[in-house]
Amino acid sequence: MSEVIVITSGKGGVGKTTTTANVGTGLAQLGKKVVLIDTDIGLRNLDVVMGLENRIVYNLVDVVEGSCRPKQAMIKDKKYPNLFLLPSAQTRDKTSVTPEQMKALTDELRDDFDYIILDCPAGIEQGFKNAIAGADRALIVTTPEVSAIRDADRIIGLLESEEFKQIHLIINRIRMDMVKKGDMMSVEDVLDILAIDLIGVVPDDESIVIATNEGEPVVNKPTQAGKAYENICRRVNGEEVPIMEFQPDGFFKKLANLFRRGY
Amino acid sequence: MGFMDAFFRKRSSGSKAKDRLKLVLVSDRANCSPDTMEMIKNDIIQVISKYMEIDTQGLDIQITQTASEGGNGNVPAIYANIPIKEMKKSGK
C-alpha cells in the first residue's frame, strides 16, 4: 500500500527540504520505491540538496500542464535506483498548480510508488494548500524556538481543520548542551506545547551542513543526525524504534556512542 | 539586587521561551482579539452586577488551556476571577 506524506513547517528555514531528502533516501535504503516531489514552485531547492540539479529536463509544472509524462520529469537518484525526484519549476509561481491537480498527480503516482513525499513550501498560502491536497500523513518539522513552534502550532490547526488524521512531529536542530543549561526548550517542553505525536528528534549537527554542501543526504552516514534520520524512516515505515535519550557528550563519548546506540 | 542575583540564578531563557509561547498560543488558538475579550468582560460584569456588587478593578478574565474532560489533550477555557464586594439583598 502506498502512502503520500507531506513535510511541512509553516516557518521557513527549519529544515523541511533537508528532512525530505533524508527521509526519502532513508526509505529508499529500506528498499521502498520512493518519489520526492518539490512543491516549492519558484524556489527550487530539493534538487541541489539531493545533488541532482544538473539532470533536470522537465519539472512539476510541465507534468501538471501535460507537457510531459510524470516518468519523463522524474530524475533517478545517483545511488538508489528506487529513489526519484520530481523537481519544481524555477521560473513559475505557486498559482501554476491547483490543489486538485496535485491530488490527481499524487493519486496517479500511488500505483508506482510505496512512498510519495512532498516537500512543502514555507507559509500557509497556495503552495501549502497544493502540497497538502493529496497527502495521507503530515510530518511537521520544527526547531526548539518560539517562532518555529508558533508556526508549527498554526499548521497543526490548519491540518486538523482539513481532517488530517496522521500528524507527526520532528524536532530538528536540538542542542542538548543548551537544553541541559536551560537555554533551549527540551523535547518534553515542545511536546507539552504542541501536543502531537513525536516521530523523531534530530540533533544540530555539522554533518548536515557538510552533506548539503556536497549534495548528498546524511542518512547513510555514521553521524548523529544520520542515525536520527534513519530511525525516523524506520518509524515512518511502521517499525517501533524507541526515541533515545541523548546527552551532551565529550568527544570520546560521542565517538563511542556512534557505534553503540541510536538517537 | 546584584547581591541577591548571585544567589538566585536568573530564570533560564528556555523556560521563559516556553511561558511566552504558551501565552501567545492561547490567543492564537482561541482566535480571539483583545477587543472581543473586552466585550466579553463588559458583558460578564453587566450580568453579574445584577445580582451582586463586584470589584471591577480586581476583575481578571483570560483564555487559558485546561485538560479536556474527554481525556486527550488540552482545550481552551475562559478563566475568570471576579472578586465580590457585597452580595445584594435579594429583592423579592
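Consider only pairs whose beta carbons are under 6 Å apart and that are at least six residues apart or on different chains; among these, list those whose first residue lies in the stretch A:62-75 and is without any contact (Cβ under 8 Å) to a residue 60 or more places away in the chain and under 20 Å from A:Glu100 (Cα atoms) and whose second residue is of a type in the set (Val, Ile, Thr) and assigned to a helix (DSSP H, G or I).
Going by the 6 Å Cβ cut-off, the qualifying pairs are A:Pro70/A:Val63; A:Ala73/A:Val63.
Here are some residues: A:Ala89, A:Ala104, A:Ala73. Which one is modelled with pLDDT of 95 or more, over 20 Å from A:Cys233 (Cα atoms), among the aliphatic types (A, V, I, L, M) and in contact with an Asp or Glu (Cβ under 7 Å, 6 or more places away or on another chain)?
Working: A:Ala89 fails: in contact with an Asp or Glu (Cβ under 7 Å, 6 or more places away or on another chain); A:Ala104 fails: in contact with an Asp or Glu (Cβ under 7 Å, 6 or more places away or on another chain).
Only one candidate qualifies: A:Ala73.
I'd like to check something: does the stretch B:56-78 contain any residue that is over 16 Å from the mean Cα position of the chain (by Cα), modelled with pLDDT of 85 or more and open to solvent by 50 Å² or more (accessible area, probe 1.4 Å)?
No, there is no match, as no residue in the stretch B:56-78 is over 16 Å from the mean Cα position of the chain (by Cα), modelled with pLDDT of 85 or more and open to solvent by 50 Å² or more (accessible area, probe 1.4 Å).
Any chance the stretch B:30-43 includes a residue that's at positive phi, open to solvent by 50 Å² or more (accessible area, probe 1.4 Å) and modelled with pLDDT under 85?
Our first condition is that a residue be at positive phi; within the stretch B:30-43, this holds for B:31.
If we keep only those that are open to solvent by 50 Å² or more (accessible area, probe 1.4 Å) as well, we get B:31.
Next cut, modelled with pLDDT under 85 only: B:31.
Checked against the condition, which is being at positive phi, open to solvent by 50 Å² or more (accessible area, probe 1.4 Å) and modelled with pLDDT under 85, the stretch B:30-43 yields at least one hit.
Which of the helices (runs of 4 or more DSSP H) contained wholly in the stretch A:85-190 include at least 1 residues that are within 14 Å of chain B (Cβ to nearest Cβ) and either open to solvent by less than 50 Å² (accessible area, probe 1.4 Å) or out of contact with any His (no Cβ under 7 Å at 6 or more places or on another chain) (or both)?
On the way: elements: A:99-109, A:126-132, A:146-161, A:176-181.
Result: A:146-161, A:176-181.
How many of the residues in the stretch A:176-210 are among the hydrophobic types (A, V, I, L, M, F, W, C), over 14 Å from B:Lys18 (Cα atoms) and without any contact (Cβ under 8 Å) to a residue 12 or more places away in the chain? Spell out how you get there, then give the answer.
To start, the set of residues in the stretch A:176-210 that are among the hydrophobic types (A, V, I, L, M, F, W, C) comprises A:176, A:178-179, A:184-185, A:187, A:190-191, A:193-196, A:198-199, A:201-202, A:208-210.
Right, trim to over 14 Å from B:Lys18 (Cα atoms) and you get A:176, A:178, A:196, A:198-199, A:201-202, A:208-210.
Retained after the next criterion (residues that are without any contact (Cβ under 8 Å) to a residue 12 or more places away in the chain): A:178, A:209-210.
The total comes to 3.
Of all residues in the stretch A:66-84, which are surrounded by fewer than 18 Cβ atoms within 10 Å (Cβ to Cβ) and touching a Ser or Thr at 6+ places or on another chain (Cβ under 7 Å)? Break it down stepwise before answering.
As a first pass, look at the stretch A:66-84 and keep what is surrounded by fewer than 18 Cβ atoms within 10 Å (Cβ to Cβ): A:66-69, A:71-72, A:76, A:78-79, A:81-82.
Passing the criteria: none in range.
Considering only the stretch A:216-223, I want to know if a residue exists there that is in contact with an Asp or Glu (Cβ under 7 Å, 6 or more places away or on another chain), modelled with pLDDT under 95, crowded, with 23+ Cβ neighbours inside 10 Å and not in a helix (DSSP H, G or I). Write out each step before concluding.
Our first condition is that a residue be in contact with an Asp or Glu (Cβ under 7 Å, 6 or more places away or on another chain); within the stretch A:216-223, this holds for A:219, A:223.
Okay, now just the ones that are also modelled with pLDDT under 95, so A:219, A:223.
Next, only the ones that are crowded, with 23+ Cβ neighbours inside 10 Å stay: A:219.
Narrowing the set further to residues that are not in a helix (DSSP H, G or I) leaves A:219.
Looking through the stretch A:216-223, at least one residue is in contact with an Asp or Glu (Cβ under 7 Å, 6 or more places away or on another chain), modelled with pLDDT under 95, crowded, with 23+ Cβ neighbours inside 10 Å and not in a helix (DSSP H, G or I).
Among the candidates A:Gly10, A:Gly24, A:Gly42, which residue alone is at positive phi and buried (at least 20 other Cβ atoms within 10 Å of the Cβ)? Talk me through it step by step, then tell me what you get.
Working: A:Gly24 fails: at positive phi; A:Gly42 fails: buried (at least 20 other Cβ atoms within 10 Å of the Cβ).
Of the residues listed, the single one that is at positive phi and buried (at least 20 other Cβ atoms within 10 Å of the Cβ) is A:Gly10.
Which residues, taken from the stretch B:14-29, are open to solvent by 60 Å² or more (accessible area, probe 1.4 Å) and over 14 Å from the mean Cα position of the chain (by Cα)?
Across the stretch B:14-29, the qualifying residues are B:Lys16, B:Asp19, B:Arg20, B:Arg29.
The values are calculated or read from the model by the stated rules, or taken from the named source; none is laboratory data. What you see is a predicted model, and the numbers here were worked out from it, not measured in a lab. Please note: Cβ atoms are built from the backbone with ideal geometry, for glycine as well, and neighbour counts cover all protein chains shown. With ligands, DNA and RNA removed, areas are computed over all heavy atoms of the protein, side chains included. Shrake-Rupley method; radii C 1.70, N 1.55, O 1.52, S 1.80 Å.
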